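Visitor: Quick one: structure below, then a few questions.
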Amino acid sequence: MAGNEGRHSTSAGKGAGQPPPPPHAQRRRRNSSAYRCRPLAPPALSVYCSAISRREEPRSVNRPASVKPDNFFLMLYRAVRQHRVPLVLRIAAHTLLLVALALIIYAWVIGMQFKHAMAQQADALGQSLVTQTAASATDLLVANDILSLNVLLSNLVKNPLVAHAAIYSVDNRVLAESGTRPQKGLLGDDSGLYSTPISFQEVIAGHLRVSLDMQQFQQPMTISLQSMGLLSLILLALTLMLSLRLGRQLATPLMQMRLWLRDPDDPAPGAGRQDEIGDLARQLQARLVPEKPEPELDLSDALDDDYFERDDDRAIPQRTQSRPERFDIDLDDDEPQRPARLSANFDDDELEIADDEPPFDSPTPASSAPQPSVPRSTRSAVLAIQLGAQDQLRRLPRPRLTELLQRYRDCLQQAATLYQAELHTLNDGSSLMLFHSQDDEQNYLTHAICCGELMRALAHALQIDVADSGITLQLQLGLTQGDGLFDLSQGDLLLSEPAQAALDMSLHSRNLLLVESSISEDRLIQQRARIRPIASPEGACCVERLLDPYPSLLERQLARMHELRSRTY
């Protein structure tokens, strides 16, 4: 330390009597010291630093260009300074070049047409004027009335299209003249000059020469070209703006992706685009970003191919446990699977599935053993579903309407099978789904709400299929609950108060799931869905959305349904 301090003091003493170095020398000294290694660094680090000092990285790597789009003139300045043409400027330059070339060709064609039309008009006017003037000047020239000839030519020159008129004798002497003689061009062009002999009794008495003012003929073409030039400038400005916008739409995601590659994180810039940039972003995201574990229901295998297989040799599922029109599907397994229930505990990171209970998304195979009788006090949720605006649906062609209704029935059956619901199809086309607390005492209301939201999502997919016909597909859903609905026939079910209330409530629905107030007041439902009251009908509420993790569950179920349907058809 003392030696270092001595060296510092010595250097300070040496420089005390000398003037300070100029600013550029100071900058050079600072720049050179930026790559200088410290004297106490290890030898390996010194060699590495010296190698770095000799090899400076390019500016584009050290200081990346800003993602924010720059001004057009700033881009020009940076392109000239860095000898590097960005993508935005290249697109704008090519677009402007093509548009300018098209405008130049168009202006040249229009100019040639104007000149041709102008020459025809001038020729017709010149021939007409010399013919009429020669006929009027014949008698005056024979009578040698020079004054009258001058008056005649003066009246002729009053026409703004006539610049000069003169009458010459046979020996080419000027007898009468009026106006200003036009100057000949550099090439000796005599355009606009018309001459005719003045004859009397087949004897030439003189010559008449009329010069037209061609600038008057060119004036309309000049005005038209000026207007065209102004419109061309406006068009070029619009082309520049649109090309810059297009270029920025292409370049900005690429620049953002370059910065994103330094620290890849989800999501990648431009991953939502439906073009080549979006494909590149999604591939990079899939390769570089690890999948983040999220708390989710372990129901990815809830929709298996066996749910949607339609084998003619398979027996039609029969009604078990005296439930009317219950859709149970045989999985053809050697051992019957016991469906698991969803645990009501949401405190853990993942929703657990009890091993001793079957899941709600797996169908229960028919059992030959007799089941114990269920008391009438079993609570049940009634979900009423029906298609609205059926008068609009009848306007569809019959094959298309049949296909739409078949898809709708398939969606109903799949949803009922998935959530272990008891499905009843009524004569008017509406349907009732029953969710019994006997199946799952804690989650039967959750199953009903999830099933209703799944049907809403499936209705949106059906709406896309009929969007080209201009028909708005309306799915009406109403959810109530009641007691003593287990093991009822369809007639008794329709006469029950909860079923009537669900059907009446569904009439007020427009692609929304309406529930009665007693369901919205359930504490478990309040933890799993956001529900708000509505004015009509009285005492009803509307399901705004499901809370996590149920939206991701519905998305996976929809994707699985779509995949299996495309595989089937």
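The values are calculated or read from the model by the stated rules, or taken from the named source; none is laboratory data. This structure is a prediction, so every number in the text was calculated from the model and none was measured. Methodologically, a virtual Cβ is constructed for each residue, glycine included, from the backbone with ideal geometry; neighbour enumeration extends over all protein chains shown.
Visitor: Checking the structure you have, find out if any residue of segment 532-541 is of a type in the set (Val, Ile, Thr), touching a strand residue (DSSP E or B) at 6+ places or on another chain (Cβ under 7 Å) and surrounded by fewer than 21 Cβ atoms within 10 Å (Cβ to Cβ). Show your work before the answer.
Guide: Step one: filter segment 532-541 for residues of a type in the set (Val, Ile, Thr), giving 534.
Going one step further and asking which of them are touching a strand residue (DSSP E or B) at 6+ places or on another chain (Cβ under 7 Å), we end up with 534.
Subsequent filtering for residues that are surrounded by fewer than 21 Cβ atoms within 10 Å (Cβ to Cβ) retains 534.
Taking every residue of segment 532-541 in turn, at least one turns out to be of a type in the set (Val, Ile, Thr), touching a strand residue (DSSP E or B) at 6+ places or on another chain (Cβ under 7 Å) and surrounded by fewer than 21 Cβ atoms within 10 Å (Cβ to Cβ).
Visitor: Residue 120 is checked against (1) of a type outside the set (Lys, Arg); (2) loosely packed, with under 14 Cβ neighbours inside 10 Å; (3) not in a helix (DSSP H, G or I) and fails just one. What number does that condition carry?
Guide: Of (1) of a type outside the set (Lys, Arg); (2) loosely packed, with under 14 Cβ neighbours inside 10 Å; (3) not in a helix (DSSP H, G or I), only one is false for residue 120: (3).
Visitor: Quick one: which helices (runs of 4 or more DSSP H) sit completely within segment 431-507 and have at least 3 residues that are touching a strand residue (DSSP E or B) at 6+ places or on another chain (Cβ under 7 Å)?
Guide: Numbers: elements: 444-465, 490-495, 497-506.
Those helices (runs of 4 or more DSSP H) span 444-465, 497-506.
Visitor: Can you tell me which of 469, 506 is under 21 Å from residue 422 (Cβ atoms), in contact (Cβ under 8 Å) with a residue 40 or more places away in the chain and of a type in the set (Gly, Ala, Ser)? Spell out how you get there, then give the answer.
Guide: On the way: 469 fails: under 21 Å from residue 422 (Cβ atoms).
The unique qualifying residue is 506.
Visitor: Which residue out of 524, 503, 513, 488 is in the same structural domain as residue 448 (by TED's automatic domain parsing) and modelled with pLDDT under 85? Spell out the reasoning first.
Guide: Values: 524 fails: modelled with pLDDT under 85; 503 fails: modelled with pLDDT under 85; 513 fails: modelled with pLDDT under 85.
Residue meeting the stated conditions: 488.
Visitor: May I pose another question? Only residues that are of a type in the set (Phe, Trp, Tyr) and either within 26 Å of residue 207 (Cα to Cα) or free of Cβ contacts under 8 Å to residues at least 40 places away in the same chain (or both): list them for segment 107-136, please. Full working, then the answer.
Guide: Step one: list which residues in segment 107-136 are of a type in the set (Phe, Trp, Tyr), which gives 108, 114.
Of everything in segment 107-136, just one residue is of a type in the set (Phe, Trp, Tyr) and either within 26 Å of residue 207 (Cα to Cα) or free of Cβ contacts under 8 Å to residues at least 40 places away in the same chain (or both), namely 108.
Visitor: How many residues are over 17 Å from residue 432 (Cβ atoms) and in a helix (DSSP H, G or I) when one looks only at segment 381-417?
Guide: Going through segment 381-417, the residues over 17 Å from residue 432 (Cβ atoms) turn out to be 389-407, 410.
Filter again for in a helix (DSSP H, G or I), leaving 390-393, 398-407, 410.
Going through segment 381-417 one residue at a time, the tally reaches 15.
Visitor: Okay, moving on. Could you tell me which residue of segment 257-278 is farthest from residue 289 (Cα to Cα), considering only residues that are in contact with a helix residue (DSSP H, G or I) (Cβ under 7 Å, 6 or more places away or on another chain) and outside any loop (DSSP other than H, G, I, E, B)?
Guide: Per the stated criteria, the residue is 277.
Visitor: Okay, moving on. What pairs come out if I take residues in segment 549-561 that are outside the structural domain of residue 457 (by TED's automatic domain parsing) and pair them with residues that are crowded, with 19+ Cβ neighbours inside 10 Å and of a type outside the set (A, V, I, L, M) whose C-beta lies under 9 Å away, six or more apart or interchain?
Guide: Listed by first residue and then by second, the contacts come to nothing, as the list is empty.
Visitor: In this structure, is residue 534 of a type in the set (Val, Ile, Thr) and free of Cβ contacts under 8 Å to residues at least 40 places away in the same chain? Talk me through it step by step, then tell me what you get.
Guide: Details: of a type in the set (Val, Ile, Thr): yes; free of Cβ contacts under 8 Å to residues at least 40 places away in the same chain: yes.
Yes: the conditions hold for residue 534.
Visitor: Okay, moving on. I'm told residue 514 meets every condition in (1) of a type outside the set (Val, Ile, Thr); (2) crowded, with 21+ Cβ neighbours inside 10 Å; (3) in a loop (DSSP other than H, G, I, E, B) except one. Can you identify the failing condition by its number?
Guide: (3)
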